[in-house]
Amino acid sequence: MADDFHRMTPGGKPRARAFGIAFDGEPGHFNAITDVPGVAVGYATLISGEGALAVGKGPVRTGVTAILPRPRADLAVPVFAGVFSQNGNGELTGSHIIEETGAFDFPVTITNTHSCGVTRDATLSWMHRIAPAALDGAWGLPVAAETYDGFLNDINGHHVGAGDVFAALDTAAGRPVEEGSVGGGTGMIAFGFKAGSGTASRVVEWSGRRYTLGTFVQANFGKRHNFAIRGERVGEDLAEPAMREGTAFVEKGSIIGIVATDAPFLPHQLKRLARRMPLGVAATGGFGYHSSGDIFLAFSTANAEAARGERGRLLEAAFIPDVDIDPFFDAVVRTTEEAILNAMIANEDMTGRDGNFVPALPKAWLEQKFGRRNAG
């Protein structure tokens with residue numbers, strides 16, 4: 001049932017709605033980016049070892065996330081897109097050609113900072129295997145993004161390999177999405193709590209039609225005292241449980257956000273959607289600090305023929321007028337906020353390299369604070 005998808009992940013972990021946290025808007029069937037038809041998500045999660053750091057051996061707490069913007073047979077068909085960097089202390093490859101042409105093709109990957117090149121290159125190898133004609137006599141500039149997981153993971157050990165990227169791409173599917181410490185989000189931290197991968201969606205009605213907008217985040221940002229849930233500052237009440245530092249924690253947080261929609265928009269409008277993701281980040285207490293790579297991408301699966309851009313033809317593209325875009329801005333902000341909270345709530349404590357420990361957001365506290373509020 002849809003309500004079950006809204007409250008629990010496929011692995012049985014609670015999502016934000018399981019604790020009575022109320023959100024605005026109508027979620028899609030899965031309340032995930034995969035509610036957008038044709039969009040798929042896959043993961044490879046790497047967890048092994050414990051104890052002192054031995055570079056090249058572990059402990060390993062990392063992975064890779066793959067997002068397919070179109071069905072596998074159509075991945076060489078571009079999607080109109082826009083990018084926005086709120087704070088550029090991070091990486092999203094392919095951003096220059098998106099700025100230039102307003103489109104990209106091939107899957108998107110998200111991983112740790114020192115594996116971004118691996119996932120980019122492996123995506124090209126995978127595409128050449130499944131659709132060789134797409135790269136015969138042409139170049140590929142796939143999107144690959146990163147956030148830093150070096151507090152928990154042997155990041156300089158380069159444990160993400162091409163085979164892991166292939167696994168994430170091969171298993172990507174348009175189904176309910178696992179959240180928390182999975183895929184590229186495995187070793188990530190937000191507000192001093194375990195975080196990582198999260199998603200949410202909204203249905204937007206316009207001119208008698210129902211469109212879907214979904215968001216995916218890799219959340220790895222924020223300071224505990226700024227943390228907020230649904231407009232209420234709660235971080236100062238959550239000094240415990242605390243992180244434990246076998247090695248000093250250095251603030252290197254970031255967030256990568258992906259917006260997908262089947263609503264027809266032009267590239268400049270998709271850039272406008274991407275620009276609204278930081279408002280959802282701010283709703284949770286993210287302030288775009290110096291070391292944070294806050295980078296956002298929005299794409300539309302509509303207008304495939306126009307995005308393909310065949311030579312010698314006059315092309316036409318449908319688009320919702322700018323004067324009617326506000327409900328989609330609402331959906332971006334709402335899904336970003338909920339996806340971040342899902343990434344934190346669908347999580348457990350994690351100990352990584354050198355005994356570094358990151359607690360999960362306490363479930364008992366959530367139940368007491370929000371469950372009781374709803375019951376009253």
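Some points to look at:
- Cut-off 11 Å between beta-carbons: net charge of the residues surrounding Val165, Lys and Arg +1, Asp and Glu -1: -2
- Karplus-derived 3J(HN,Hα) values for region 135-141, using 6.51 cos²θ - 1.76 cosθ + 1.60 with θ = phi - 60°, are 10, 6, x, 9, 9, x, 10 Hz; glycine and proline are entered as x.
- In whole angstrom, the chain maps to an equivalent ellipsoid with semi-axes of 31, 25, 17, each derived as √(5λ) from the alpha carbon gyration tensor and ordered largest first.
- Cα centroid separation - region 76-141 against region 193-248, whole Å: 25
- Reciprocal mean inverse distance between Cα atoms of region 249-334 - Kirkwood radius, Å: 14.6
- Taking every C-alpha pair closer than 8 Å and separated by at least 6 residues, the mean separation divided by the residue count of region 91-228 gives a relative contact order of 21 percent.
- The GNM of the chain, with springs linking C-alpha atoms under 10 angstrom apart, assigns the highest mean-square fluctuation among Ser181, Ser85, Ser115 to Ser85.
- Most fluctuating residue given options Gly192, Gly174, Gly157, as computed from a GNM of the chain linking Cα atoms under 10 Å: Gly157
- Lysine pairs meeting the criterion (Cα under 27 Å, 8 or more apart or interchain), as found in the chain: 15
- Annotation: extensible slack from His96 through Glu245 equals 49.8 nm (criterion: 0.36 nm per residue apart, minus Cα-Cα distance).
- Length available on full extension from Asp4 to Arg233: 0.36 nm per residue minus the Cα-Cα distance, which gives 79.6 nm.
- Shape category assigned to region 70-224 from the gyration tensor of Cα positions, a/c cut at 1.5: oblate
- Highest-MSF residue in the chain out of Glu205, Glu100, Glu26 [GNM, Cα springs under 10 Å]: Glu100
- Measuring r between the beta carbons of Glu205 and Leu141 and using R0 = 35 Å, the FRET efficiency lands at 0.50.
- Accessible-area composition of the chain, carbon plus sulfur, in percent [1.4 Å probe]: 51
- Positive minus negative residues near Gly150 (Lys, Arg vs Asp, Glu; Cβ under 14 Å): -3
- For Leu314 and Ala173, a Förster radius of 41 Å and the Cβ-Cβ distance give a FRET efficiency of 0.65, rounded to the nearest 0.05.
- Stretching His158 away from Glu367 to a fully extended chain increases their span by 71.4 nm, per 0.36 nm per residue minus the current alpha-carbon distance.
- The H on the amide N of Ala103, modeled in the peptide plane, is under 5 Å from the matching H of Ala81, each at least 5 residues off or on a different chain.
- The string of couplings for region 125-132 from the Karplus curve (6.51, -1.76, 1.60, θ = phi - 60°) is 5, 5, 5, 5, 6, 8, 8, x Hz, one whole number per residue in order, with x for Gly and Pro.
- 3J(HN,Hα) along region 305-317: 5, 5, 5, 5, x, 5, 5, x, 10, 7, 9, 10, 10 Hz, from the Karplus curve 6.51 cos²θ - 1.76 cosθ + 1.60 with θ = phi - 60°, whole Hz, x for Gly and Pro.
- Distance from the Cα centroid of region 1-64 to that of region 317-352 is 14 Å (rounded to whole angstrom).
The values are calculated or read from the model by the stated rules, or taken from the named source; none is laboratory data. Owing to the predicted nature of the structure, the values given are computational and were not obtained by experimental measurement. Reconstructed Cβ throughout: ideal geometry from the backbone, glycine too, with neighbour counts over all protein chains shown. Surface accessibility is based on the protein's heavy atoms, side chains included, excluding ligands, DNA and RNA. Shrake-Rupley method; radii C 1.70, N 1.55, O 1.52, S 1.80 Å.
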